[in-house]
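Inspection log for the structure reproduced underneath, given as structure tokens.
The values are calculated or read from the model by the stated rules, or taken from the named source; none is laboratory data. Here the structure is a predicted model, which means the values were calculated and not measured. As a convention, Cβ positions derive from the backbone with ideal geometry for all residues, glycine included, and neighbour counts pool all protein chains shown. These accessible areas exclude ligands, DNA and RNA; they are computed on the full protein's heavy atoms, side chains included. Shrake-Rupley method; radii C 1.70, N 1.55, O 1.52, S 1.80 Å.
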Amino acid sequence: MDGMVYGIDLGTTNSAIAVYEKDESRILKNMDGDEITPSVVFFTGLDSSGNDDSLVGIQAKNSAATAPEQVVQFIKRFMGFHGDAYNFTAPSGKTYTPEMISALILRKVCKDAEQYVGEGSVQNVVITVPAYFDDARRTATKQAGKIAGLNVLRVINEPTAAAIAFGLDINESGKVLVYDLGGGTFDVTIMDINDGNFDVVATGGDAQLGGVNFDQKVLALILRKLAEQGCEIDDEDDALMADIREKAEKTKLQLSNVETARPAFMVDGKTYRTEITREEFEKESEPLMQRTQFLLNEVMTAATLSWGEIDHLLVVGGSTRMPMVKKMLENLSGKEVVYKVDPDTAVARGAAIFASTLEGDSDGNASPGKELEPYSSISQKISISDVTSQSLGVVTLDGNNMNHHVNTVIIPNNTKIPTKKSVVVYTVTDNQTHIRVEVTEGNDPELEFVRVIGSSTLSIPPYPKDSPVEIIYAYDPDQTIYIEVIDKVTNISLGAFQIDRASNMTEEEVKNATSIVGQATVD
Ligand code: AMP
């Protein structure tokens, strides 16, 4: 494999692509000359062959109010979710899954970048994901890349990427807390940066908390104020709601700079003026800020660190521009927030720096390379160690009550990856013919509080009751899960498998999706 490797931040609201060259990370701007491209797809119609025509980026975003039924946005929130509710039917009648919509965004970002680096040259990429993304969502992200025709060498965590940009570009060291509040996700990660080593100490977050939730708070305020003026909004009126939603986000952005915003609305031919203050917005958003604070404290506890031991508070993600974020963080920690990295581009740049340290092999697989050829001329050696964001377990019988199934954690969260751990379980009847492995995500012993993310049934030779079977779980550097089951009577493997993920596309579906996305026009 030849050529450069690129870092892509595939964001909920915006995406960006960067490259690391001549000891510098550089964003490749889009056709509009912007460093970030809105992650919005507008299906404009059909081309002469009956395939879908799409626009991605600012023009698509601007069309959200006028043609909401043709526009798809915030798709990352549904990455790795399966089912009709998450799919979009395009004008051609073809169905687009969240992976396919994301693939269109990737195609646009790469196509625009190629105006600087040459057509067809963006192939090998590292894509970032929220630290809190689980296995299914990481797999879905890789599939999106594949559908876009890319070779995804690795997926890495967004806060890790941001910390790399911070540590390498700014030459900082010490314990860094990364508070990443983007458009749709919230991550908090504590890293130890030392002489090119980036060690993640602990990570946590919420994949359903981000800027859009703050937009909804402004929206609620606006609707209340309109109602006070006797203006009731029909929330089934898609065009009107899209207009109000767009203005709600604009109001939120304004309130980061000014104390009062005055959005106006045209409803049934009449103009309504409203006034929203920063104070009102902050009060309305308190539950959201408290949620991030709660998660922050959890991660601090997991890292067994006190605020006095944190050297830098790094913020990334567009939503950290809200003054209430800085206020909360500084009150909580007694430290000053650093704004040394550009919150919009740090993730893509960090991904590009990381990508430049990867070494390819003939299968297109990559591992963090000690030898830095053939991709780049990075002069500083960096190494990265990350931790798992989710606990992985297996459904077992409760030792005290054989009618009760429980979750037995095999790999706890915040374990360094890659990792491999196992448990030994015992057959429950004489001459048992099968063993069923149900893989869980979550910490709680009770099954109602964890998620079964996949399962497999394997045959075993006939043995007496209580014969031992070892279940081995491994997390690869992408945090994808592999499982092997060993018959401990003979020490022979009963089978290794990547779990059947109910929420991911099958190989066949990915193949079909690649052809549909490949036929669509993306501008
Ligand atoms: P990201 O996914 O990191 O690009 O973050 C995008 C989110 O940041 C969106 O929800 C934006 O509304 C939000 N955002 C960007 N700039 C600001 C700002 N000045 N004040 C408040 N939120 C912002």
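Descriptive notes on the structure:
- Members of the stretch 21-51 found to be hydroxyl-bearing (Ser, Thr, Tyr) and surrounded by 21 or more Cβ atoms within 10 Å (Cβ to Cβ), listed by number: Ser25, Thr37, Ser39
- All positions within the stretch 82-106 that are within 16 Å of Ala148 (Cα to Cα) and either in a loop (DSSP other than H, G, I, E, B) or at pLDDT below 95 (or both): Thr97
- Listed conditions (1) in a loop (DSSP other than H, G, I, E, B); (2) in contact (Cβ under 8 Å) with a residue 60 or more places away in the chain are all met by Ile8, apart from (1).
- Matching strands (runs of 3 or more DSSP E) fully within the stretch 254-316 where at least 2 residues are touching a residue at least 40 places away in the same chain (Cβ under 8 Å): 264-267, 312-316
- In the stretch 326-348, the residues that are open to solvent by 40 Å² or more (accessible area, probe 1.4 Å) reach residues that are among the hydrophobic types (A, V, I, L, M, F, W, C) and in a loop (DSSP other than H, G, I, E, B) with C-beta atoms within less than 9 angstrom, at least six apart or across chains, in these pairs: Lys335/Ile310; Lys340/Ile170; Asp344/Ile36.
- Residue that is nearest to the ligand (Cβ to nearest atom), among those in the stretch 239-262 that are open to solvent by 50 Å² or more (accessible area, probe 1.4 Å) and of a type in the set (Lys, Arg): Lys250
- Among residues of the stretch 16-54, those that are more than 20 Å from Phe166 (Cβ to Cβ) and under 17 Å from the mean Cα position of the chain (by Cα), counted: 4
- Here Lys217 qualifies as within 14 Å of the ligand (Cβ to nearest atom), of a type in the set (Lys, Arg) and either part of a helix (DSSP H, G or I) or closer than 20 Å to Met100 by Cβ (or both).
- Of all residues in the stretch 64-81, one or more are crowded, with 24+ Cβ neighbours inside 10 Å, at pLDDT below 95 and assigned to a loop (DSSP other than H, G, I, E, B).
- Unique residue being in the same structural domain as Glu21 (by TED's automatic domain parsing) and open to solvent by 20 Å² or more (accessible area, probe 1.4 Å) when the list is Gly145, Gly93, Gly167: Gly93
- Within the stretch 440-447, one or more residues are at pLDDT 90 or above, touching a helix residue (DSSP H, G or I) at 6+ places or on another chain (Cβ under 7 Å) and surrounded by 16 or more Cβ atoms within 10 Å (Cβ to Cβ).
- Boolean, Gly308 is open to solvent by 30 Å² or more (accessible area, probe 1.4 Å), out of contact with any Asp or Glu (no Cβ under 8 Å at 6 or more places or on another chain), away from the ligand (no atom under 11 Å from the Cβ) and on the phi > 0 side of the Ramachandran plot: no
- Subset of the stretch 162-214 (residues that are among the polar types (S, T, N, Q), within 16 Å of the ligand (Cβ to nearest atom) and under 26 Å from Val19 (Cα atoms)): Thr185, Thr189
- Counting only residues that are at pLDDT 95 or above, under 16 Å from Ala65 (Cα atoms) and exposed (fewer than 13 other Cβ atoms within 10 Å of the Cβ), the stretch 217-238 holds 0 of them.
- As a summary of the residue check, Val176 satisfies the conditions (1) in the same structural domain as Asn51 (by TED's automatic domain parsing); (2) part of a strand (DSSP E or B); (3) open to solvent by less than 10 Å² (accessible area, probe 1.4 Å) except for the one numbered (1).
- Which listed residue is within 16 Å of the ligand (Cβ to nearest atom) and either open to solvent by 30 Å² or more (accessible area, probe 1.4 Å) or on the phi > 0 side of the Ramachandran plot (or both), from Gly318, Gly269: Gly318
- Given (1) open to solvent by 10 Å² or more (accessible area, probe 1.4 Å); (2) out of contact with any Lys or Arg (no Cβ under 9 Å at 6 or more places or on another chain); (3) more than 14 Å from the ligand (Cβ to nearest atom), index of the condition Leu296 fails: (1)
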